[in-house]
Amino acid sequence: MLPYLRSRSSLPLLLLFLNCLCFRSAVGGESPTAYEVLGSYDLPIGLLPKGAIGYDLDASTGAFAAYLNGSCSFSLEGSYQLRYSPTISGRIASDRLSDLRGVSVKVLFFWVNIIDVRRLGDSLRFSVGVASADFAINNFYMCPRCGCGLNCPDDDDVAAGFNLRMR
């Protein structure tokens, strides 16, 4: 018999200890949401529309993918039309999303991909490659909804404080 299991009185103690470890990992094993992950990188939750159903993240490289229930589009304050693919991917780091795929904005008559989002203090810089625009970060404290953005009929009180303006 193994030396550490010679005493039968130590076996219940060992089983109790293992049981506590398993229970603790089961309770503490909940993964953060995609929105909480954004927050942990000092990025606002409103970069993703409501209803993200999951995500993958390789914390060592920053490679990520966030999943929506389907494609999603909406207008913000009647000025910018945004479109999200069912899968949004790229790299995440503190204050930055780069190599972004799956998010586009309509500029005049054309859809262009947003490839980089960078937090610069109290603003966010969105880059489409050859051009970029800065917006106040407080425009992104709330998650827009597919179809209606921040102007949803049942969200009037929430959207009232938003005024999307370039900085």
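The values are calculated or read from the model by the stated rules, or taken from the named source; none is laboratory data. Quantities reported herein were computed from a predicted structural model and do not represent experimental measurements. Glycine gets a Cβ as well: all are built from the backbone with ideal geometry, and neighbour counts include every protein chain shown.
Considering only the range 94-116, state which residues are surrounded by 17 or more Cβ atoms within 10 Å (Cβ to Cβ) and in contact with a Phe, Trp or Tyr (Cβ under 7 Å, 6 or more places away or on another chain).
As a first pass, look at the range 94-116 and keep what is surrounded by 17 or more Cβ atoms within 10 Å (Cβ to Cβ): 96-97, 100, 102-105, 114-116.
Selection gives Gly102, Val103, Ser104, Val105, Ile114.
Within the range 66-88, the set of residues being closer than 22 Å to Phe110 by Cβ, small (Gly, Ala, Ser) and either in a strand (DSSP E or B) or without any contact (Cβ under 8 Å) to a residue 40 or more places away in the chain (or both) comprises Ser71, Ser73, Ser75, Gly78, Ser85.
Is it true that some residue in the range 55-71 is modelled with pLDDT under 95, β-branched (Val, Ile, Thr) and surrounded by fewer than 14 Cβ atoms within 10 Å (Cβ to Cβ)? Looking through the range 55-71, none of the residues is modelled with pLDDT under 95, β-branched (Val, Ile, Thr) and surrounded by fewer than 14 Cβ atoms within 10 Å (Cβ to Cβ). Evaluate the following for Leu16: is it closer than 24 Å to Asn139 by Cβ and either outside any loop (DSSP other than H, G, I, E, B) or modelled with pLDDT of 95 or more (or both)? Criteria not met by Leu16.
Among the candidates Leu76, Leu38, Leu47, single out the residue that is closer than 21 Å to Ser123 by Cα, crowded, with 17+ Cβ neighbours inside 10 Å and modelled with pLDDT under 95. Give the steps one after another, and end with the answer.
Numbers: Leu38 fails: modelled with pLDDT under 95; Leu47 fails: modelled with pLDDT under 95.
Matching residue, one of Leu76, Leu38, Leu47: Leu76.
Of the candidates Arg119, Arg91, the single residue that is modelled with pLDDT of 95 or more, surrounded by 12 or more Cβ atoms within 10 Å (Cβ to Cβ), within 17 Å of Tyr35 (Cα to Cα) and touching a strand residue (DSSP E or B) at 6+ places or on another chain (Cβ under 6 Å) is Arg91.
Inspection of the range 123-142 identifies at least one residue that is within 13 Å of Gly46 (Cβ to Cβ), touching a Leu at 6+ places or on another chain (Cβ under 9 Å) and part of a loop (DSSP other than H, G, I, E, B).
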